Amino acid sequence: MQVNMHEAKSQLSKLGEKAWQGEKVVIAKAGKPYLDLTPHRAQKTPRKPGRLKGQIIMSDDFDNTPEDLIALFEGDL
């Protein structure tokens, strides 16, 4: 469902309920899609920074990219 910004302001609770029920709600501005209204879902497990420490190995030549490969990405060939 797509609604304009003014309608969304006056019917936010109703639109929020529709989003919670799984309906896709798009808020439009000047007739063009502007925002997607989606329900907040709590993360099941909190992120733990550094949990892969010591498990990721970088090659010694990781920062040494061959010039011909750079040229391919930059469109110089």
Phi-based couplings in Hz for the stretch 10-24 (Karplus 6.51, -1.76, 1.60; Gly and Pro marked x)
7, 10, 4, 4, 5, 5, x, 5, 4, 5, 4, 7, x, 6, 7
Provide, in order from the shortest bin, the percent of all Cα-Cα pairs of the stretch 26-67 in each 5 Å bin, continuing until the bin that contains the maximum pair distance.
5, 13, 9, 9, 9, 9, 10, 11, 15, 9, 1
Amide H to amide H, which residues 5 or more places from residue 4 or on other chains are under 5 Å from it, using H placed in the peptide plane?
28
For the chain, the Cα convex hull volume per residue in Å³ comes to 204
If one builds a Gaussian network model of the chain from Cα atoms under 10 Å apart, the most fluctuating residue listed among 15, 37, 52 is 52
With contacts defined as alpha carbon pairs under 8 Å and 6 or more residues apart, what's the relative contact order of the chain in percent?
22
So which trypsin sites (Lys or Arg not before Pro) in the stretch 10-77 end up in coil per DSSP with only 14 or fewer other C-beta atoms within 10 Å?
24, 41, 44, 47, 51, 53
Can you tell me which lysines have their Cα less than 26 Å from the Cα of residue 14? Leave out same-chain residues fewer than eight positions away.
24, 29, 32
Dipole of the chain [Lys/Arg +1, Asp/Glu -1 at C-beta], most positive-end residue of 10, 71, 35:
10
Sparse-neighbourhood loop sites, chymotrypsin sites (Phe, Trp or Tyr not before Pro) in the chain - DSSP loop, at most 11 other Cβ within 10 angstrom:
62
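FYI, it's all coordinate maths here, none of it is from the lab. Since the structure is predicted, the reported quantities are computational estimates derived from the model, not experimental observations. Ideal geometry is used to build each Cβ from the backbone, glycine not excepted, and the neighbour counts take in all protein chains shown.
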